[in-house]
Structure formats: C-alpha cells, structure tokens
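In what follows, a single structure is set out as structure tokens and then discussed.
The values are calculated or read from the model by the stated rules, or taken from the named source; none is laboratory data. Since the structure is predicted, the reported quantities are computational estimates derived from the model, not experimental observations. Ideal geometry is used to build each Cβ from the backbone, glycine not excepted, and the neighbour counts take in all protein chains shown. To get the accessible areas, we keep the full protein, side chains included, count just its heavy atoms, and leave off ligands, DNA and RNA. Shrake-Rupley method; radii C 1.70, N 1.55, O 1.52, S 1.80 Å.
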Amino acid sequence: MAAAKKHEGKTTMLRIEGEMTIYRAAELKQILLAPLDKAANVEVDLSMVTELDTAGVQLLLLAKNTAQSVGSGLQLTAHSPAVLDVLELLNLTSHFGDPLLIQAASRSVK
C-alpha cells in the first residue's frame, strides 16, 4: 500500500498502489494534491490499484478539479481492472478524458 513519486521535467508521475478507499483517503489526498501546485502536469498511474470505492472516486474528482483550478494538467493512466469497473459503473470514464477505451474494449472481449 504505497505511492511512488518521480519527476520528469515539468511532469510529476505518481503511482498509487493498493486500495483507494476510505481507509486511505487522508493519505491519498495529500499525495494527489501536493504536486498540483508545483508541477505543470501530474500523471497518475493507476495500474496497481486493487480496490476503488466512492471515497477513492471522490479523491480522483477532487484532484481533477483542483488541477483545473490551478492551471495544472492531471492525467490518469494505466487504469487497473478495479478502477475501470468503478469508472464504467458510475459512467465517469469520459469525465476524466483519459485514454482507456482500448483497454476497456480488450477487457470485454474475454
């Protein structure tokens, strides 16, 4: 249950590992929001997210809205099956505007 951070130029790359649930909401809020003031772009790798609940969704929405309000870019990448399932269930895939259609299409072929 960790989050890794690295910087590449003006982009901060975060990787969330483990659950994005109410139990980690305070920790993940700090991790997601901190780089938005300093970086022009923030890329969040969600490939290692094992569970996403409504608190996790709210954090992603907060991060997206905060990025827009401070003039930063926020991109969600490498959505895990757990993330895809919840975003599709809540019909939020287009709200974030991140590329995931290819992954979703390949998943549904199984």
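May I ask you to list the residues in the range 36-53 that are open to solvent by 20 Å² or more (accessible area, probe 1.4 Å), among the aliphatic types (A, V, I, L, M) and either at pLDDT 90 or above or within 11 Å of the chain's Cα centre (by Cα) (or both)?
48
Looking for whichever is modelled with pLDDT of 90 or more, more than 17 Å from residue 12 (Cα to Cα) and in contact with a Phe, Trp or Tyr (Cβ under 8 Å, 6 or more places away or on another chain) here; the options are 87, 59. Which one fits? Quick ask: steps written out before the conclusion?
On the way: 59 fails: in contact with a Phe, Trp or Tyr (Cβ under 8 Å, 6 or more places away or on another chain).
On inspection, the qualifying residue turns out to be 87.
Search the range 54-65 for residues being within 13 Å of residue 36 (Cα to Cα) and surrounded by fewer than 17 Cβ atoms within 10 Å (Cβ to Cβ), and hand back the single one that is nearest to the chain's Cα centre (by Cα).
Out of the qualifying residues, it is 62.
Exactly one condition in (1) out of contact with any helix residue (DSSP H, G or I) (no Cβ under 8 Å at 6 or more places or on another chain); (2) farther than 27 Å from residue 71 by Cβ; (3) touching a residue at least 12 places away in the same chain (Cβ under 8 Å) is false for residue 51; which is it?
In the conditions (1) out of contact with any helix residue (DSSP H, G or I) (no Cβ under 8 Å at 6 or more places or on another chain); (2) farther than 27 Å from residue 71 by Cβ; (3) touching a residue at least 12 places away in the same chain (Cβ under 8 Å), residue 51 misses (1) alone.
Being surrounded by 18 or more Cβ atoms within 10 Å (Cβ to Cβ), over 22 Å from residue 90 (Cβ atoms) and either at pLDDT below 95 or of a type outside the set (Lys, Arg) (or both) narrows it down to one residue among 20, 13; which is it?
Checking each option against the conditions leaves just 13.
Quick one: what pairs do we get from the range 76-98, first residue more than 14 Å from residue 51 (Cα to Cα) and touching a residue at least 12 places away in the same chain (Cβ under 8 Å), second surrounded by fewer than 19 Cβ atoms within 10 Å (Cβ to Cβ) and of a type in the set (Gly, Ala, Ser), C-beta under 6 Å, 6+ apart or different chains?
Final answer for the pair search is 78/47.
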